[in-house]
Amino acid sequence: MWVTADDQIRQELLPNGRYDEARGNRESAYTGRYWVKGNRIEYADDTGFTANGTFQGDVLHHGGYVFYREDSPAHRKAIDTRVR
């Protein structure tokens, strides 16, 4: 699970090559396919929208957002920084 520091966007990358993204209280706000090549991820939403992102360890930069692997040290640090 990849989440923003404020936990408002949660993106689950499923092992079958599908993703499910929740936004706020809206579950499955976006769904589609994804594939990873090296440190890059490509998305194809079920509506036809495409996007990409870049992994840097436990951090994912995608669509102008920063996601963190849930419960990773990077995620905990982002939460601590946001709370201060």
Determine which member of the set Arg40, Arg69 is in contact (Cβ under 8 Å) with a residue 24 or more places away in the chain and of a type in the set (D, E, K, R).
-> Arg69
Residues of region 52-65 that turn out to be over 12 Å from Gln11 (Cβ atoms) and either modelled with pLDDT of 95 or more or in contact with a Cys (Cβ under 7 Å, 6 or more places away or on another chain) (or both), as a count = 8
For residues that are within 12 Å of the chain's Cα centre (by Cα) and in contact (Cβ under 8 Å) with a residue 12 or more places away in the chain, scanning just region 57-66, find the one that is most open to solvent (accessible area, probe 1.4 Å).
-> Tyr65
Given (1) surrounded by fewer than 14 Cβ atoms within 10 Å (Cβ to Cβ); (2) assigned to a helix (DSSP H, G or I), index of the condition Thr54 fails | (2)
Region 8-51 - residue that is surrounded by 14 or more Cβ atoms within 10 Å (Cβ to Cβ) and either modelled with pLDDT under 95 or among the hydroxyl-bearing types (Ser, Thr, Tyr) (or both) and, of those, nearest to Ser72 (Cα to Cα) = Tyr19
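The values are calculated or read from the model by the stated rules, or taken from the named source; none is laboratory data. Just so it is clear, the model here is predicted, and its values are computed rather than measured. Positions of Cβ are generated from backbone atoms using ideal geometry, with glycine treated the same way; all protein chains shown enter the neighbour counts. What goes into the accessible areas is simple: the full protein's heavy atoms, side chains included, and nothing from ligands, DNA or RNA. Shrake-Rupley method; radii C 1.70, N 1.55, O 1.52, S 1.80 Å.
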